[in-house]
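The values are calculated or read from the model by the stated rules, or taken from the named source; none is laboratory data. Note that the coordinates shown come from a computational prediction; the quantities given were computed from them, not determined experimentally. Cβ placement follows ideal geometry from the backbone for every residue including glycine, while neighbour counts extend to all protein chains displayed.
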């Protein structure tokens, strides 16, 4: 009587190979889509007469008040 080996190891290997191939394909597609996307234009700061630098606003003053010991 012939004995056959359990087909489970080869089916596991096939599953893992297929999963790896699918992950690689998905990454390649995502990378290609990201390269084709238009980069967003950077927002220009409102610098009319203010210089566009650091400003102490009411929100910043409130934060400074909370840091006093």
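For segment 42-53, state whether one or more residues are exposed (fewer than 10 other Cβ atoms within 10 Å of the Cβ) and modelled with pLDDT of 75 or more.
Yes - at least one qualifying residue is present in segment 42-53.
Quick one: is residue 56 at pLDDT 85 or above and not in a helix (DSSP H, G or I)?
Here the answer is yes, as residue 56 does meet what is asked.
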